[in-house]
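The values are calculated or read from the model by the stated rules, or taken from the named source; none is laboratory data. Fair warning: this is a prediction, and the values are worked out from it, not measured in the lab. Note: ideal-geometry Cβ built from the backbone for every residue, glycine included; neighbour counts use all protein chains shown. The area values use the complete protein model at the heavy-atom level, side chains included, leaving out ligands, DNA and RNA. Shrake-Rupley method; radii C 1.70, N 1.55, O 1.52, S 1.80 Å.
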Amino acid sequence: MTRPDITPRKGFLAENPSVSWFLGCLGLFTLGVTVLSQGFGPALLSTSMVKILGMTLCLCLIAVAMDVVWGYCGILSLGHFAFFGIGGYAIGMWLMYARTEGIVVESLANAPIPPTQAETRDAIATQIFGVVGSNELPALWAFAHSLPLQLVMVALVPGLLALVFGWLAFRSRVTGVYLSILTQAMTLALSLYLFQNDTGLRGNNGLSGLQNIPGLLHLPQSTIALWFFWASALALGLGYLLFAWLVSGKFGSVIRAIRDNEARVRFLGYHVESYKLLVFTLTAIVSGLAGALYYPQAGIINPAEIAPIASIYLAVWVAIGGRGRLYGAVIGAAVVSLASSWFTGGGAPDVNLGFYTINWTDWWLVLLGLGFVAVTLFFPRGISGLFDMLVRKP
Amino acid sequence: MRFTALFARALLILVTFIGLSLARAEMATAQDSLQPILQGHAADLAKPSRQTIGPVIAELLATDHPGIADFLRKWEAREVYQRPTDGLFFYAEETTDALRLIDIDSGETVAEVGSRDVDQIRPNAGVRREVAAALVPYELNAPDPARRLAALTAIARSSDASQIAPLAQSIETEPDADLRTRKERMLALLTAQFGETKAARLDAISALSGDISIEARSVLNQLAARRDGVAQTLPEDINIARVLELGTDITEAAAYDRLVAENLAPPPQTAKDLRDVLAQHIVGGTVGGVPLHLLNTTEVRARAYEALEAAGTVPPRAAPDEVANAVAAHVFYQEYLQPDPDITQAAEAALDTTRIALGLYQTADLVLDGLSLASIFFLAAIGLAITFGVMGVINMAHGEFIMMGAYTGYVVQLFIPDYTLSLLIALPLAFAVTFGAGVAMERLVIRHLYTRPLETLLATFGISIALQQLAKNIFGTQARPLTAPDWLGGAITLNDIVGISTIRVAIFVLALIFLALLLYILKRTRLGLEVRAVTQNPGMAASMGINPDRINMLTFGLGSGIAGIAGVAIGLYAQVTSEMGANYIVQSFMTVVVGGVGNVWGTLAGASLIGFLQKGIEWFNPSNTLAAQTYMVLFVILFIQFRPKGIVALKGRAAGD
Amino acid sequence: MTTLLEVSGVSVTFDGFRAINNLSIQIGEPELRAVIGPNGAGKTTFMDIVTGKTRPDEGRVIWGEKSVSLLGMSESAIARAGIGRKFQKPTVFEEQTVRENLAMALRNKRGPFDVLFHKRSRKGAARIAELAEEIGLRDHLPRRAGALSHGQKQWLEIGMLLAQDPRLLLVDEPAAGMTPAEREHTTDILKRAAKTHAVMVIEHDMEFIRRLGCKVTVLHEGAVLAEGSLDHVTQNKEVIDVYLGR
């Protein structure tokens, strides 16, 4: 991708006008949020709202990745949220370590004798792991002191996990529903593993205080929220560009062919497994990056985030938005996750039926579930499919 | 044969019992009041001394008055009081500020007095021993078997050498065979610990080998108990269990800790100690001439300490090799508390045998546990497997059907308080409810998605979250009870190790019934024939006049109905919550995937594999069920590598591509 | 003519049913060969074995000058080695355009990264146009393949086979659902291909085979019953009994 003669082919954007449209909309949206939050202050667009929007952009990014792996390549992965979570954990480790280090160094500064490195490390470990009854830094945290190394982990760990898992699964030709169940099993195993106290990631306490960015503690949260919003928008833009480029052209043609009839693709001489593996791994890495941007905005990550249901929700977003087109995934993720927080956050007014009052905090999931069934039955192309109908009618 | 023996034994017991009661009745009429008897020995009882009390107790016991043992026990426990005014003995209860005197014969409250108005009788330790020793044989030969049993239990609780002789004597006259074996075992236990001759003890110990009862094991463990020891040279006069090899059996650090604990070596200086000592010797911003800000490495701190040491301010530190030298100069060993090596050897040998027996029984128990878990998984998964096999549809709402069944059971219990009856109604009702729900779901949703299996998976997931939330809205978030009838409440135990709760046996039976029922339906009925036809080749089946729509509907209903029944079964031993289905769904998927699709035996194999494996892994690491589940899932992922189509896979063209 | 593919002593069993029974067939390069036989004779299973879809219980499948065994190879590796296949039921990628279908089949590097960084070339476009012309789908290049008629799909599948430019073409019932004129055209294409390639055609239509005018192999119950010119095999007593005489 870095070689200049092949980065987006000449005419790539011209051939795919939806990409330009999308990037334009994203740019306008970013600008709008920036202006509203900075120009008019928190009264109009609160810091927490900026955070929610930034987090939503991250969810849109993983939804795009999910769309590539499912909508284009036909692998209904119920495990991509696990990669998202791993990315979050990887960055969370640095955030937590570096911040705790700051606190520890400050508190030890008053000691008559300056601390040794080992003493500092022990104090940090006690601070972080006291909650699970340990005072040693697990081997897993060997790189936690370094932001660059941990950033490498953000991409490397989901990538490697996806590579190994995908290689095992695709090699033995596990497809369709079986593969979905298998990816779900992977997610379950990971979340169960993380739930244990002795696995070095604080069990069900998870990692917390991630919104405090070491080195930027002097800045107000409103500024940091905006920065993360920008970063999320940039990541979504770049990710969208990357995947749009990936699914256009011959590669996209091959993976769609794999989705529709992988046996036939084999007889054309394509090594189907490598293609699937590449798509699976690449989307896993992007998911990890999305998670690494999401969780500093969320402030906390715990194993419940990785529970199998999260990955299913991801599939639901993509299905509601419309599979097989990237902007559909973005629409689905944005609409459903924002609606979800609106309904469950008490934003939606109760509906009084006379004999019963519908409280949306209780009934939102019922609505979502049934709505999702309706979308699957009546609008298999999702919201973006409706789009088409409107546009093409005249 | 066995029956005759049993009958004879029962007859014997009956006869003995009648005889004894008659004898007792006679005595009771002769002397029905205890107080006069006691008054006959008033002086000795009020001021007992070890020299004189023996014959008194013997005489008292010889009267065989029914209350005498009770009296002696209370007397020994200092619960008997004498009223100085008339010399009568009383039991007493302490109230907040007074004593309530209780008549010894009638058991009624006589008066409330201050604690100074009566004399508490306080036998000394020697006397109390005498009483206890005299009571043991008396109670062991008591006519009432319950009392004899109580006496045995008392011995087990605190045993000593004095009990051996009376116990041995009482065995000969013991009429009850069961009690007799118990007594014999207790005798062996006592002899093993306190036997007079070594030979007797050795015999008793070897008789205990393989006995898995907790008492026997604790006796043997006591006999083979060890204590850690350390000395400069290995002592000759003690019973050494083994000498610890440095590096393999004990680490150098642990060895040194032991030296420190035995005051054979000074405690090592920790990093914290060093820092504290240095902090005490800060002089003008330096320690031993080293500026404070440089003291942030161990090396510099050591240098500072050396400087202090050279100046004589602090005591010299242990040299680095001092620990090694100190450890090397000592020998670490374990010794037996029991001085006689023959005894300990015999105990170890007996323990080895016991451990093997224990292992066998534990395996048996594990197998039972695994079987029970497997039958639960089977019940939970078989419905899923049927629908998956016939229709190629994964029903994500299957777990919610399980939940629905459990809630049906709960609601039935609200209306019908009799648990047995409500269970009998709940089972078919749960089937009916979930059958209906399944058919409705098939007609409304799944039918329209047949060509899109992945979307079916997601659509049923939508139904699943809606149903789960609906249950939450109706029944609330807290767990609801589904109570099992009493006859399902207990447990069936074989011995101290092997046991299983009745409810799990019932679930196992239920699973067997369903296995049989399904096999019958699939292999022997028209419906089963058609289901199998649709499973193997839907197109061909349709062209032969089988209506696949109808078959699909019925299959889906059947699968869902079984989920409902599984829900009732699971609800009986687990709690009924809106999330209970979700807890079983992933295991059910794995059962289906591992077992192979479209085959009852496959599901059975999958459930067995998953159930046994989960129990097996839990056995290796009992403290951590989360880890067990993690490994379980990893195993399934690996298993699929080698058998992508499950244990029982359809072969050839029927399997499709 | 050198031997390109040698199948010898191959047997395969499905659940006790012997689909292929000690089958031995050779084909040279260039050569045109027709394979006929009643339903269940094992024609399609034979192709499955050669293309790696089905693994035989015993026997050898030897390929090319270097005599490599095809048995351990994956379907895609066999395809890359130079064996192309047209399925009985046309299986084109219906969601994609005719051009995309042909472009995917076009002989190029098949690795994922090669494809990812693949640049459309003038040469490739010209070849696609040429093929489209040949299969009569010139005007349909931008259309979705799913929108084509059954016959057109057959043609597209043949076009994809040609685009692969394999050394051995395995063609399963190419003429099914075609008009007489189209059949003639198909025969021409196959005959032309057979001048430089090895071509193996499974057909039921005797007229079609007669027009091919090539050596014929008759399969029955998973084994070769007769081999030779069409006239030769049609006079064979056994062949008449099991196949033609029905």
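Is the stretch C:61-73 home to any residue that is in contact (Cβ under 8 Å) with a residue 40 or more places away in the chain and within 9 Å of chain A (Cβ to nearest Cβ)? Within the stretch C:61-73, not a single residue is in contact (Cβ under 8 Å) with a residue 40 or more places away in the chain and within 9 Å of chain A (Cβ to nearest Cβ). Does at least one position in the stretch A:362-380 carry a residue that is outside any helix (DSSP H, G or I) and either within 11 Å of chain B (Cβ to nearest Cβ) or buried (at least 19 other Cβ atoms within 10 Å of the Cβ) (or both)? Yes, the stretch A:362-380 contains a residue that is outside any helix (DSSP H, G or I) and either within 11 Å of chain B (Cβ to nearest Cβ) or buried (at least 19 other Cβ atoms within 10 Å of the Cβ) (or both).
When A:Gly299 is tested against (1) surrounded by fewer than 18 Cβ atoms within 10 Å (Cβ to Cβ); (2) more than 29 Å from A:Gln184 (Cα to Cα); (3) touching a residue at least 12 places away in the same chain (Cβ under 8 Å), just one condition goes unmet, and that condition is (2).
Filter the stretch B:617-642 down to the residues that are within 17 Å of the chain's Cα centre (by Cα) and surrounded by 16 or more Cβ atoms within 10 Å (Cβ to Cβ) and list them by number. Correct list: B:Glu618, B:Asn624. Screening A:Gly252, A:Gly269, A:Gly215 for residues that are within 14 Å of chain C (Cβ to nearest Cβ), assigned to a loop (DSSP other than H, G, I, E, B) and modelled with pLDDT under 95 leaves exactly one candidate, A:Gly269. Here B:Val586 does not fit the description of being open to solvent by less than 10 Å² (accessible area, probe 1.4 Å), in the same structural domain as B:Leu529 (by TED's automatic domain parsing), of a type in the set (A, V, I, L, M) and under 19 Å from A:Ile181 (Cβ atoms).
Among the helices (runs of 4 or more DSSP H) confined wholly to the stretch B:540-628, which include 2 or more residues that are closer than 25 Å to B:Pro428 by Cα and within 14 Å of another protein chain (Cβ to nearest Cβ)?
B:580-595
The one condition from (1) assigned to a helix (DSSP H, G or I); (2) surrounded by 12 or more Cβ atoms within 10 Å (Cβ to Cβ) that B:Ala484 does not meet is (1).
Which of the residues belonging to the stretch B:201-252 are in a helix (DSSP H, G or I), in contact (Cβ under 8 Å) with a residue 40 or more places away in the chain and hydrophobic (A, V, I, L, M, F, W, C)? Passing the criteria: B:Leu202, B:Ile205, B:Leu208, B:Ile214, B:Ala216, B:Leu220, B:Leu223. Only a single item in (1) surrounded by 14 or more Cβ atoms within 10 Å (Cβ to Cβ); (2) touching a residue at least 12 places away in the same chain (Cβ under 8 Å) is not met by C:His118, and it is number (2). Taking the criterion of being part of a helix (DSSP H, G or I) and within 14 Å of another protein chain (Cβ to nearest Cβ), the residues of the stretch A:336-361 that qualify are A:Val336, A:Ser340, A:Phe343, A:Thr344, A:Trp360, A:Thr361. Listed here are the helices (runs of 4 or more DSSP H) enclosed by the stretch A:1-120 that have at least 2 residues being away from chain B (no Cβ under 14 Å) and loosely packed, with under 12 Cβ neighbours inside 10 Å: A:17-39. Taking the numbered list (1) facing chain C (nearest Cβ under 10 Å); (2) under 26 Å from A:Met186 (Cβ atoms); (3) open to solvent by less than 30 Å² (accessible area, probe 1.4 Å); (4) at pLDDT below 95 in turn, A:Val279 passes all entries but (4). Exactly one residue out of B:Glu172, B:Glu196, B:Glu184 is assigned to a loop (DSSP other than H, G, I, E, B) and open to solvent by 60 Å² or more (accessible area, probe 1.4 Å): that is B:Glu196. From the list B:Glu59, B:Glu112, the lone residue that is within 17 Å of B:His41 (Cβ to Cβ), among the acidic types (Asp, Glu) and open to solvent by 80 Å² or more (accessible area, probe 1.4 Å) is B:Glu59. Across the stretch A:159-171, the number of residues qualifying as of a type outside the set (A, V, I, L, M, F, W, C) and either closer than 24 Å to A:Ala90 by Cβ or more than 9 Å from chain B (Cβ to nearest Cβ) (or both) comes to 2.
Scoring B:Ile102 on the criteria (1) under 25 Å from B:Asp64 (Cα atoms); (2) touching a strand residue (DSSP E or B) at 6+ places or on another chain (Cβ under 7 Å); (3) open to solvent by 30 Å² or more (accessible area, probe 1.4 Å) leaves a single failure, condition (3).
The one condition from (1) buried (at least 19 other Cβ atoms within 10 Å of the Cβ); (2) modelled with pLDDT of 80 or more that B:Leu135 does not meet is (2). Taking the condition within 14 Å of another protein chain (Cβ to nearest Cβ) and β-branched (Val, Ile, Thr), does B:Ile250 pass? Spelling it out, it is not the case that B:Ile250 is within 14 Å of another protein chain (Cβ to nearest Cβ) and β-branched (Val, Ile, Thr). Would you check if there is a residue in the stretch A:305-322 being buried (at least 20 other Cβ atoms within 10 Å of the Cβ) and more than 14 Å from every other protein chain (Cβ to nearest Cβ)? Looking through the stretch A:305-322, at least one residue is buried (at least 20 other Cβ atoms within 10 Å of the Cβ) and more than 14 Å from every other protein chain (Cβ to nearest Cβ).
Residues that are within 10 Å of chain B (Cβ to nearest Cβ), assigned to a loop (DSSP other than H, G, I, E, B) and either in contact with a Pro (Cβ under 7 Å, 6 or more places away or on another chain) or surrounded by 23 or more Cβ atoms within 10 Å (Cβ to Cβ) (or both) within the stretch A:172-211 comprise A:Ser172, A:Arg173, A:Val174, listed in sequence order.
Please report, ordered by residue number, the strands (runs of 3 or more DSSP E) entirely within the stretch C:1-90 with at least 3 residues that are open to solvent by 10 Å² or more (accessible area, probe 1.4 Å). Don't jump to the end; show me each part of the working.
On the way: elements: C:2-14, C:17-29, C:31-36, C:58-63, C:83-86.
Correct list: C:2-14, C:17-29, C:58-63.
Mind counting the residues in the stretch C:126-143 that are among the basic types (Lys, Arg), more than 19 Å from C:Gly177 (Cβ to Cβ) and surrounded by fewer than 16 Cβ atoms within 10 Å (Cβ to Cβ)? Residues meeting the conditions: 1.
Taking (1) within 7 Å of chain A (Cβ to nearest Cβ); (2) at pLDDT below 90 in turn, C:Gln96 satisfies each apart from (2).
Within the stretch B:436-466, the set of residues being open to solvent by 40 Å² or more (accessible area, probe 1.4 Å) and in a helix (DSSP H, G or I) comprises B:Ala440, B:Arg443, B:Leu444, B:Arg447, B:His448, B:Pro453.
Looking at B:Gly646, is it within 11 Å of another protein chain (Cβ to nearest Cβ), surrounded by 22 or more Cβ atoms within 10 Å (Cβ to Cβ) and at pLDDT below 80? Considered against the rule, which asks whether it is within 11 Å of another protein chain (Cβ to nearest Cβ), surrounded by 22 or more Cβ atoms within 10 Å (Cβ to Cβ) and at pLDDT below 80, B:Gly646 comes out as yes. Of the residues that make up the stretch B:356-368, is at least one hydroxyl-bearing (Ser, Thr, Tyr), part of a helix (DSSP H, G or I) and open to solvent by less than 10 Å² (accessible area, probe 1.4 Å)? No, the stretch B:356-368 contains no residue that is hydroxyl-bearing (Ser, Thr, Tyr), part of a helix (DSSP H, G or I) and open to solvent by less than 10 Å² (accessible area, probe 1.4 Å).
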